[in-house]
């Protein structure tokens, strides 16, 4: 029985049948026209051509292949590529013979990735092997989708598509090979060494251009991540790939399917809301954050916790070493509302990106060279720059000037006779606080920085035998870990514990839990900042710490206190201690505006400008005694302690509005609109005036020849610190 093309076959000496699969013979490759399966599966076939018999090759002894389509021709990507022979026969072109497999380089969402050598030009290519026989309909559509997407795209920052074909029941997609590895591997190799901002923008604008090209074809990537961003061999050119779950959109359509890597999915996907290109922009922001911080913006131990982090949109700020424009760009890309995320065209138009885009296009093809050091002395105008030589002196390269630090922090006391400059982490500190042993600060980006003594035996504090001078104390600076997604606004320190206020009005405490000053309902010590859960229903605006108690103020002027209660310092009407925040009753008509804590007392400034105090009034340091200049004190009008917040009774503080106040161990200082007053114990000159009438608030005279304004006042055990600013006609920068 003759088949198509004049070939004849018989099955193991049985009746002739049409060939159900390709057969290699001495005359070439034989293929039949209609797809049917061989019934036995154990074929030893002899092929006849015009009466001659050819011995079957080893491939003919293999079991027949299962057909991919039973009826009709399937989609183009599923059908075998055929060509018609000179005699009218169809011969299968074995596309895989053009490549030589080298090794398996990875496994993707739908298949295996091979590194292959293209024999025609000895070029390395990637072939993605996607098995289609055992795939569901949806998986086959996804594989087909990747081919369709790759055919549409043609951009230097997108992995190039070469061809696709069928081989051994699998779809093979040949595409460009990027030998530099993935961006995730590049970041991982950096360890903790942050990238330069120029390098970050160089990578970012290439990803930006690639994503813009993808979006102009109405395609969502939907799985943009550092693992799908590849680098060339020089690790300078970025190419995005892996379009396995991309979706082609019409101009008004939105995708509903929740796909993508969990750490990069956007909040609208977590809520099941429709999304369009803005979901890719969220992922773009995650990639930019990862470039700047070398870690993911959102990470958690399990999926529910990860979703909660993404839904809240809270993440740790990037380093202060980067420009404010870059930090703002990260925030805008990771906005919770999709409408607030800038479109790609707006991102490319930002000054931060324009320069990097210009450099990208003007540096194409340039030879990388070592940057020449700039000479200190400028060259003469109109003359050529020549090498400078001096007699008998060889001039080496001039070292670039070291840029000044963003800020400096000094500490003294506790064994430090002179101010000691504390080590910094290339960041700008805007607020500091000190406790008995703690030294803490808040950076402009909202991170908490600590300065600690090195561990015993680590050096820097050991006195050598025979030494007569004490060694200079050493401190180590570090950022407090465990603040993922938290921006610190203010920090306060007590004895062995610390309280932080975030930009969202949440108070966190850590350190020693003695006296219940952490506010967690127990006396347990905590090493990491932990939210004071009792205050989660309130938005807090201020927190202050005494030696062993805390005051906190909310936006609704509600006052809370906890910790040690000796002497009535909590203002609750008792001397009891509390390990949980307690709301403090306020006198009628008074609203708290600012809170201050002393070592064993508390004071609040109210909205009318009055002051109320509670706790120990030793030496009349709170000004609760009813005293006036020239009048003898009345015994029954003097108070040793106040269990509740009480109005100040000492003149003139009982009548003048107060702008600022601070409490020391045994004295206090207050600022009014025109004067600075001090009172309390007057030993060691802590009042800044003579000791007469020490318990009575008296003005402090400053040696200033020009008008001034007091900006800040601070008191401690035996000292008072006052900051002033001259009053001029010109505005003074903040």
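Laboratory data are not the source of any read-out in this text; all were calculated from the coordinates shown. These numbers were taken from a predicted model, which means no experiment stands behind them. Quick reminder, even Gly has a Cβ in these numbers, built from the backbone with ideal geometry, and neighbours come from all protein chains shown.
Before moving on, here are some points about what is shown:
- FRET efficiency, 1/(1 + (r/R0)^6) with R0 45 Å, evaluated for residue 217 and residue 101 via beta carbons: 0.90
- Where only alpha carbons of segment 183-360 are counted, the Rg and the Dmax (Å): 15.3, 43
- Shape of segment 509-601, Cα gyration tensor, a/c cut at 1.5: oblate
- Centre separation in Å (Cα based) which lies between segment 608-628 and segment 284-298: 52 Å
- Rounded FRET efficiency, nearest 0.05, which uses the C-beta distance separating residue 120 from residue 358 and R0 of 25 Å: 0.10
- Over segment 183-360, relative contact order from alpha-carbon pairs under 8 Å, at least 6 apart, %: 23 percent
- Gyration tensor verdict on segment 279-347 (Cα atoms; rounded if a/c is under 1.5, prolate if a/b is larger than b/c, oblate otherwise): oblate
- Three-way shape call for segment 591-691 based on the alpha-carbon gyration tensor, with the a/c threshold at 1.5: rounded
- Among 234, 490, a tally of other beta-carbon atoms within 10 Å of each Cβ gives an order, fewest to most, of 234, 490.
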